[in-house]
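Worksheet: one structure, shown below.
The values are calculated or read from the model by the stated rules, or taken from the named source; none is laboratory data. Keep in mind that what you see is a predicted model, and the values were worked out from it rather than measured. Cβ placement follows ideal geometry from the backbone for every residue including glycine, while neighbour counts extend to all protein chains displayed. Accessible surface areas use protein heavy atoms only, side chains included; no ligands, DNA or RNA. Shrake-Rupley method; radii C 1.70, N 1.55, O 1.52, S 1.80 Å.
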Amino acid sequence: QVQLVESGGGLVQAGGSLRLSCAASGITFSTHTMGWFRQAPGKDREFVAAIRWTGGYTYYADSVKGRFTCSRDNAKNTVYLQMNSLKPEDTAVYYCAAARRWGVIITEDAYDYWGQGTQVTVSS
């Protein structure tokens, strides 16, 4: 059974930082592309970041580029999202997802497995 479990969300002031983690089980983690998405209240879920299975290539949404860093530790089956300089508009539920291939990684359809999400709230 595949499980993706996010953690690290919480309440932070604008300008602060959080690090999200996503622990995977039930998949061969080192062969999966990992992605982060988020969904704000009343909005569609949107792509945030993705990292290739080797960790050598990452891709970010323009809205987070330069502030967020996605990394992975294949020995721990965990992917991270370091979020710095947080803004109120970053408030959302953050989801991690796993894809068996590096496809159109900005779309939800590219991903095969999803976590339950973790809430991030940024106060102004």
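The table below lists the values:
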read-out	value
Sites residue 100 and residue 123, calculated FRET efficiency, Cβ-Cβ separation with R0 35 Å, nearest 0.05	0.40
Nearest-20 debye value, the range 14-88 charge dipole, Cβ charges on Lys, Arg, Asp, Glu	120
Dipole of the chain, positive direction: furthest Cα of 30, 120, 42, with charges on the beta-carbon	30
Cut-off 15 Å between beta-carbons: net charge of the residues surrounding residue 18, Lys and Arg +1, Asp and Glu -1	+1
Charge sum, other residues only, whose C-beta stays under 13 Å from residue 55's C-beta, Lys/Arg counted +1 and Asp/Glu -1	+2
Per residue value of the accessible surface for the range 60-124 (all protein chains in place, 1.4 Å probe), Å²	50
Sequence-distant residues sharing a close amide H with residue 86 (under 5 Å, placed H)	15, 16
Residue 72 long-range amide H proximity, modeled H, under 5 Å	80
Sum of side-chain charges, residue 71 neighbourhood, beta-carbon under 14 Å (Lys, Arg +1; Asp, Glu -1)	+3
Accessible-area composition of the chain, carbon plus sulfur, in percent [1.4 Å probe]	45
Three-way shape call for the range 49-124 based on the alpha-carbon gyration tensor, with the a/c threshold at 1.5	prolate
Length-normalised contact order for the chain - Cα pairs under 8 Å, 6+ apart - percent	35
